[in-house]
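Worksheet: the structure to be examined is printed underneath.
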Amino acid sequence: MNGDEVIAIYESISRLTDEMLAAARAADWELLATLETQCGKHISNLRNCEESISLSDELRTRKVDIIKKILEDDRDIRNLTEPGLRKLSALIQSNQTEQKLLNTYGMGS
């Protein structure tokens, strides 16, 4: 693998994070999870090969720009998903507490 191929993987990750952000904005959680899995595979590929690749200054600059964009997308995705995750966590906690109370006071079936 060479530097151009490494940059191509970063660009693929960037396209996936674009799609992930669009899925989060549309509240399409299933698509978001699918895209996240695909993104993870690309990241795994990078981990396996990137250490042995030396990038030119131009490619290194391109890599930094892509990473900044990926991080911006990630921040925006988190901002969209975290409120829902907090609500879900509170609901699960409430249901667990209710079940414990029912079990404790013998009201469970």
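Looking only at region 1-13, residues that are of a type in the set (Gly, Ala, Ser) and open to solvent by less than 20 Å² (accessible area, probe 1.4 Å) come to 1 in all. Taking every residue in region 35-58 that is at negative phi and pairing it with any residue that is of a type outside the set (Val, Ile, Thr) and at pLDDT 95 or above, at least 6 positions away or on another chain, the pairs with Cβ-Cβ distances below 6 Å are Leu35/Leu16; Leu35/Glu19; Leu35/Met20; Gln38/Leu16; Cys39/Leu16; His42/Ser12.
Evaluation of Gly106 against the conditions (1) open to solvent by less than 70 Å² (accessible area, probe 1.4 Å); (2) assigned to a helix (DSSP H, G or I) shows that the sole unmet condition is (2). Each residue in region 88-98 was checked for being open to solvent by less than 70 Å² (accessible area, probe 1.4 Å) and either of a type outside the set (Ser, Thr, Tyr) or within 14 Å of the chain's Cα centre (by Cα) (or both), and 1 of them qualify.
Leu85 meets all of the listed conditions (1) touching a residue at least 24 places away in the same chain (Cβ under 8 Å); (2) open to solvent by 100 Å² or more (accessible area, probe 1.4 Å) but one, namely (1).
Filter region 56-81 down to residues that are more than 16 Å from the chain's Cα centre (by Cα), assigned to a helix (DSSP H, G or I) and either among the hydroxyl-bearing types (Ser, Thr, Tyr) or crowded, with 16+ Cβ neighbours inside 10 Å (or both), then give me how many there are. Number of matching residues: 4. Scanning region 21-55 for residues that are within 27 Å of Asn2 (Cβ to Cβ), surrounded by 11 or more Cβ atoms within 10 Å (Cβ to Cβ) and in contact with a helix residue (DSSP H, G or I) (Cβ under 9 Å, 6 or more places away or on another chain) yields Leu35, Gln38, Cys39, His42, Ile43, Asn45, Leu46, Cys49, Glu50, Ile53, Leu55.
The values are calculated or read from the model by the stated rules, or taken from the named source; none is laboratory data. From a predicted model like this one, the values you see are computed outputs, not experimental measurements. Positions of Cβ are generated from backbone atoms using ideal geometry, with glycine treated the same way; all protein chains shown enter the neighbour counts. We work out accessible area using only protein heavy atoms, side chains counted, and drop any ligands, DNA or RNA first. Shrake-Rupley method; radii C 1.70, N 1.55, O 1.52, S 1.80 Å.
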